Amino acid sequence: MDHGMEAGCRHIHPQDDPFRGRMRFHQSWYRRYVLGLPPGPNPHARGELYGNMLTDADGRRGFNFLSEEIYRCAEERLAENAGAVELGRLRNNLLSSQPMCFNLFVPLRSNLELANTLISLLPGAPHGISVSRVEFEFAPPPAEHLNDRTAFDIWIEYRREEINGFICIETKLTEPFSPDEYAFAERYSRWSTIPGWWWEAGAEQHFHNPQFNQLWRNHLLAFAMLGQKPNRYREAYSAVVYHDEDRNCPVALANYKQHLTSAGAATLLEWRLKDLTAIWQTVLTERAHRDWLNSFQLRYLRLEASEPVWQLFRSKS
């Protein structure tokens, strides 16, 4: 079948919704026409070839990342063998949010002055910050916090006006929040006695809701870090970065916000990818930084680049 893409592999999945199918196809297009690489096996589809997958060899060579620097950072994180970093998703799956997270934030980790500038520009973020650390798949000691495996995709520690704070970030591409349900057990409920509780009275009845339970646990982990004795941090924000075409993530966020106090809502930030990159684009002056952001936008946002092949694919399929 001649539709501008390889035969013998899948470029969309039969169960993809329209957004996920379009994004999967765009990653397949990116692999073939930008990277010039063959498709790889999907371990969740009995090894069938998928256009959004890299071969193991190409994954090990770092082709899922926008630069050598980003690739090295991802490999260092894998070598630590901690947190929720998954080798296959990170190296081989072009559609996964894990490599997207590294592709978006590693340049801030290696250049803290750049992090100061770019993070301060985002809606709701604190101004005048001095970033001290940027970590991937970060979790504080579980026993002292939620006593589970909740971790932040990105954790940014900073100092501002003589106080310490942090921003924890969840990144989404096409995946929903985890559908696992967690009861409001003692490991979570014990934090509700801490002054300044971010949630409305009775909100705990909705804690198990799979639409936003993962989001709630991320937010609660930030609250638990503020509640430590002695207090190392005096302010915290929890942000969600998601694709503009994703219709489910903003609905989940809106439903979750109904259970927050005004103080809690002020700590929950939403950053759409297209808005975030457009804001950053206005201040980048170095060629290397502009090239990085342009590459990111082509990879994840400029669906018009693959649109002619997508239309041909749809007409022939």
Pull out a ≥ b ≥ c, the square roots of the eigenvalues of the alpha-carbon gyration tensor of the stretch 177-230, then state rounded if a/c is under 1.5, prolate if not and a/b is larger than b/c, and oblate in the remaining case. prolate
The residues LYS274, LYS172, LYS316, sorted from fewest to most surrounding Cβ atoms within 10 Å, come out as LYS316, LYS274, LYS172
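On full extension of the chain, what length is gained from VAL251 through VAL283, given 0.36 nm per residue of separation minus the C-alpha to C-alpha distance?
Extra length available between VAL251 and VAL283 comes to 8.4 nm.
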Under 10 Å, Cα contacts only: if you run a Gaussian network model on the chain, which one of HIS44, HIS243, HIS219 comes out with the highest mean-square fluctuation? HIS44
What's log10 of I(q)/I(0) for the stretch 13-156 at q = 0.09, 0.12 Å⁻¹, Debye sum over Cα points only, no solvent? -0.34, -0.59
Value at 222 nm in deg cm²/dmol, rounded to 500, when DSSP H runs of n ≥ 4 in the chain each add -39,500 (n - 2.57): -11000 deg cm²/dmol
Interatomic Cα distance distribution for the stretch 35-100, bins of 5 angstrom, percent: 4, 19, 31, 25, 14, 7, 1
Taking a ≥ b ≥ c as the square roots of the Cα gyration tensor eigenvalues, with a/c under 1.5 meaning rounded and otherwise prolate when a/b beats b/c or oblate if not, the stretch 106-163 comes out prolate
Can you compute the FRET efficiency between GLU86 and GLN228 using 1/(1 + (r/R0)^6), with r the Cβ-Cβ distance and R0 = 30 Å? Round to the nearest 0.05. 0.55
Counting other beta carbons within 10 Å of each Cβ, put GLU170, GLU307, GLU186 in order, fewest first. GLU186, GLU307, GLU170
Can you tell which of TRP292, LEU220, THR171 lies farthest toward the positive end of the dipole of the stretch 18-316, using +1 and -1 charges on the Cβ of basic and acidic side chains (Lys, Arg; Asp, Glu)? TRP292
Prolate/oblate/rounded label for the stretch 18-316 (Cα gyration tensor, a/c 1.5): prolate
Footprinting proxy, ASP58, ASP244, ASP180: sorted fewest to most Cβ within 10 Å, the residues are ASP180, ASP244, ASP58
Which one, GLY59, GLY128, THR150, projects farthest toward the positive side of the charge dipole computed for the stretch 18-316 from Cβ point charges (K/R +1, D/E -1)? GLY59
Rounded to the nearest whole Å³, what is the per residue volume of the convex hull around the Cα atoms of the stretch 154-296? 131 Å³
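Kindly provide the trypsin sites (Lys or Arg not before Pro) of the stretch 41-95 that DSSP labels as loop, not H, G, I, E or B, and whose Cβ sees at most 15 other Cβ atoms within 10 Å.
On the way: sites: ARG46, ARG60, ARG61, ARG72, ARG77, ARG89, ARG91; in loops: ARG46, ARG61.
The qualifying sites are ARG46, ARG61.
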Inverting the mean 1/r over all pairs of different Cα atoms, compute the Kirkwood radius of the stretch 214-309 and quote it in Å. 16.0 Å
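Treating only the Cβ of Lys, Arg, Asp and Glu as charged (+1, +1, -1, -1), what charge dipole size does the chain show about its Cα centre? Round to the nearest 20 debye. Walk me through the numbers before you get to the answer.
Numbers: 35 positive and 39 negative charges, 70 e Å.
Dipole of the chain, to the nearest 20 debye: 340 debye.
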What is the sum of charges, Lys and Arg at +1 and Asp and Glu at -1, for the other residues whose Cβ falls under 9 Å from the Cβ of ASP244? -1
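Just so you know, all these numbers are worked out from the coordinates, no wet-lab data involved. In this text, all values refer to a predicted model and were calculated from it rather than measured experimentally. Cβ: placed from backbone, ideal geometry, glycine included. Neighbour counts: every protein chain shown.
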